[in-house]
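Below is one structure, written out as structure tokens; the observations come after it.
The values are calculated or read from the model by the stated rules, or taken from the named source; none is laboratory data. The shown structure was predicted, so the numbers you read here are calculated from the model rather than taken from an experiment. As a convention, Cβ positions derive from the backbone with ideal geometry for all residues, glycine included, and neighbour counts pool all protein chains shown.
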Amino acid sequence: MVGIGADLEPGTLLAAYRTGLFPMPVARGRRIAWWSPDPRGVIPLDGLHVSRSLRRSCQRFRVSFDRAFADVVDACAAIDRDGGWITAEIISAYNRLHDMGWAHSVETWDDDGTLVGGLYGVSVGGFFAGESMFHRATDASKVALVALVEHLRQSGGSLLDVQWTTPHLRSLGAVDIARDDYLGLLARAVEDQARPFAA
């Protein structure tokens, strides 16, 4: 944690992401804290681990981008987990970023057209900051991640930030890098002319 306070206005959020910070409430959601972990978790775009079973799962679900952003954020917020941090204020702030073209979602759908998984995050230049993911069917969030990585690779993205690594993310190829190294990669990525989510 490097600071507490400020607001979640679009300009504040974008300035934070461009300098390696992200918000996460503390004190049961009453105050906004700003974080810059060391080490930082990233998924190298050429280092995603896709198992044979995950490849099969990729054939089972339909994937879309930005079709149900608000539903994905709500589903991520509804997950019953320790340290749940997606408050009503966070939901409102990221929906505004989405309306402005900065925040994006990847959705996975089953054969019945039911939303069963997804993720959302913020995109600036060639940088994508993953914020949260959810699943209601086995591998549904992983399929969304596979689709995101492929999309970033094909559209010129260069840096996929996952904040902290977890055993789950490490199994998919996430690695820890020193904050100074991350900030160097970030500076280049946000200045990149790539626009992976351009309309």
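Below is a table of values for the structure above.
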| quantity | calculated |
| --- | --- |
| Where residue 116 falls short, out of the listed (1) at positive phi; (2) out of contact with any Leu (no Cβ under 8 Å at 6 or more places or on another chain); (3) at pLDDT 95 or above | (1) |
| Residue count for the stretch 173-194, restricted to those that are surrounded by fewer than 20 Cβ atoms within 10 Å (Cβ to Cβ) and farther than 25 Å from residue 52 by Cα | 15 |
| Selection status of residue 53, of a type in the set (Ser, Thr, Tyr), more than 17 Å from residue 165 (Cα to Cα), modelled with pLDDT of 95 or more and assigned to a helix (DSSP H, G or I) | yes |
| Options 16, 103, 93, 75; residue that is within 18 Å of residue 164 (Cα to Cα) and surrounded by 17 or more Cβ atoms within 10 Å (Cβ to Cβ) | 16 |
| Single residue of 184, 130 found to be in a strand (DSSP E or B) and either under 23 Å from residue 13 (Cα atoms) or at pLDDT below 95 (or both) | 130 |
| Scan of the stretch 135-172 for residues that are outside any helix (DSSP H, G or I), crowded, with 18+ Cβ neighbours inside 10 Å and either in contact (Cβ under 8 Å) with a residue 40 or more places away in the chain or among the basic types (Lys, Arg) (or both), ordered by number | 139, 157, 158, 159, 160, 161, 162, 163, 165, 172 |
| Where a residue in the stretch 4-29 is under 23 Å from residue 187 (Cβ atoms) and its partner, wherever it lies, is at pLDDT below 90 and outside any helix (DSSP H, G or I), with Cβ under 8 Å and at least six apart | 12/6; 24/85 |
| Residue within the stretch 107-115 that is surrounded by fewer than 24 Cβ atoms within 10 Å (Cβ to Cβ) and either within 12 Å of the chain's Cα centre (by Cα) or part of a helix (DSSP H, G or I) (or both) present | no |
| Condition broken by residue 86, with the remaining ones in (1) outside any strand (DSSP E or B); (2) under 21 Å from residue 146 (Cα atoms); (3) touching a residue at least 24 places away in the same chain (Cβ under 8 Å) satisfied | (2) |
| Odd one out for residue 97 among (1) within 17 Å of the chain's Cα centre (by Cα); (2) part of a loop (DSSP other than H, G, I, E, B); (3) not small (Gly, Ala, Ser) | (2) |
| All positions within the stretch 1-36 that are of a type in the set (S, T, N, Q) and farther than 22 Å from residue 101 by Cβ | 36 |
| The stretch 38-61, subset under 16 Å from the mean Cα position of the chain (by Cα) and crowded, with 17+ Cβ neighbours inside 10 Å, residue farthest from residue 129 (Cα to Cα) | 48 |
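Conditions tested, residue by residue: (1) touching a Gly at 6+ places or on another chain (Cβ under 6 Å); (2) β-branched (Val, Ile, Thr); (3) over 22 Å from residue 177 (Cβ atoms).
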position: 2; (1), (2), (3): no, yes, no
position: 6; (1), (2), (3): no, no, yes
position: 17; (1), (2), (3): no, no, no
position: 37; (1), (2), (3): no, no, no
position: 51; (1), (2), (3): no, no, yes
position: 56; (1), (2), (3): no, no, yes
position: 65; (1), (2), (3): no, no, yes
position: 72; (1), (2), (3): yes, yes, yes
position: 80; (1), (2), (3): no, no, yes
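Quick grid of which residues meet (1) at pLDDT below 95; (2) part of a helix (DSSP H, G or I):
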site: 13; (1), (2): no, yes
site: 16; (1), (2): no, yes
site: 25; (1), (2): yes, no
site: 46; (1), (2): no, no
